[in-house]
Amino acid sequence: MAETREIVVEINGKEYRREVEPRLLLSDFIRHEAGLTGTHVGCEHGVCGACTVQIDGAPVRSCLMFAVQAQGHSLRTVEALNEGMGGELHPLQQAFHECHGLQCGFCTPGFLMSIEPFLPEAADWDERQIREALAGNLCRCTGYQNIVTSVQLAAERMRAGELRPPVSSPSGSLADA
């Protein structure tokens with residue numbers, strides 16, 4: 001019988017208490033134990049960024065972490081972006097829609113979760129800085145220009161006061177996990 005450990009993880013404000021094998025990846029925990037399938041699994045090597053979630057406000061590749069490493073931490077997935085918005089899209093999602101920043105959509109949750117904590121700063125960024133911030137996310141469909149344009153639009157709207165600030169801010173506590 002495989003060894004298991006009990007973990008308690010908060011995801012999108014909800015507590016999940018599970019017995020898991022120490023080798024269970026966080027991405028698999030999110031998808032299979034929590035039932036949140038917006039977090040996609042692509043390369044399983046941390047290269048593509050599709051599995052990006054936020055842990056304590058910092059973007060992290062969930063395929064590079066074990067679920068047990070998330071014990072006691074607060075996670076946000078793409079499903080949290082439009083919570084409390086009355087069924088409306090989060091302004092970042094809306095910008096991706098308006099600027100055609102997605103095509104097949106597989107990579108989109110990772111892009112959204114990677115850039116969302118940095119939107120207040122992104123209002124002052126040029127295109128090069130936005131591209132650098134998104135360099136860890138791969139898209140096989142768009143060519144990236146519309147993704148950059150989407151981030152610019154959302155950041156401009158934040159500057160103009162049309163966008164509410166993100167719920168959390170990056171703390172960097174697990175950014176290298």
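Which residue, of Met85, Met65, is among the aliphatic types (A, V, I, L, M) and closer than 17 Å to Ser114 by Cα?
Details: Met85 fails: closer than 17 Å to Ser114 by Cα.
Only one candidate qualifies: Met65.
Conditions (1) closer than 16 Å to Tyr16 by Cβ; (2) surrounded by fewer than 22 Cβ atoms within 10 Å (Cβ to Cβ); (3) without any contact (Cβ under 8 Å) to a residue 40 or more places away in the chain; (4) out of contact with any Pro (no Cβ under 6 Å at 6 or more places or on another chain), marked per residue:
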site	(1), (2), (3), (4)
Thr52	no, no, no, no
Ile55	yes, no, no, yes
Ala67	yes, no, no, yes
Gln71	yes, yes, no, yes
Ser74	yes, yes, no, yes
Val78	no, no, no, no
Gly84	no, yes, yes, yes
Leu89	no, yes, yes, yes
Ala95	no, no, no, yes
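I need the full set of residues from the stretch 2-50 which are surrounded by fewer than 20 Cβ atoms within 10 Å (Cβ to Cβ), within 17 Å of Cys107 (Cα to Cα), modelled with pLDDT of 95 or more and not charged (D, E, K, R), in order please.
Thr37, Gly38, Val41
What number of residues within the stretch 1-50 satisfy the criterion of being part of a loop (DSSP other than H, G, I, E, B) and either out of contact with any helix residue (DSSP H, G or I) (no Cβ under 7 Å at 6 or more places or on another chain) or free of Cβ contacts under 8 Å to residues at least 60 places away in the same chain (or both)?
Our first condition is that a residue be part of a loop (DSSP other than H, G, I, E, B); within the stretch 1-50, this holds for 1-4, 12-13, 21-24, 34-50.
Filter once more, so that each one left must be either out of contact with any helix residue (DSSP H, G or I) (no Cβ under 7 Å at 6 or more places or on another chain) or free of Cβ contacts under 8 Å to residues at least 60 places away in the same chain (or both): 1-4, 13, 21-24, 34-37, 41-48.
Final tally of qualifying residues: 21.
Somewhere in the stretch 86-109, is a residue touching a strand residue (DSSP E or B) at 6+ places or on another chain (Cβ under 9 Å), at pLDDT 95 or above and over 30 Å from Gly143 (Cα atoms)? Working first, answer last.
To start, the set of residues in the stretch 86-109 that are touching a strand residue (DSSP E or B) at 6+ places or on another chain (Cβ under 9 Å) comprises 109.
Add one more test, that the residue is at pLDDT 95 or above, and what stays is 109.
Within this subset, residues satisfying the condition of being over 30 Å from Gly143 (Cα atoms) are none.
Checking the stretch 86-109: not a single residue is touching a strand residue (DSSP E or B) at 6+ places or on another chain (Cβ under 9 Å), at pLDDT 95 or above and over 30 Å from Gly143 (Cα atoms).
The values are calculated or read from the model by the stated rules, or taken from the named source; none is laboratory data. In this text the structure is predicted, and so the values were computed from the model without any measurement. All Cβ positions, even for glycine, are placed from backbone atoms using ideal geometry, and neighbour counts span all protein chains on display.
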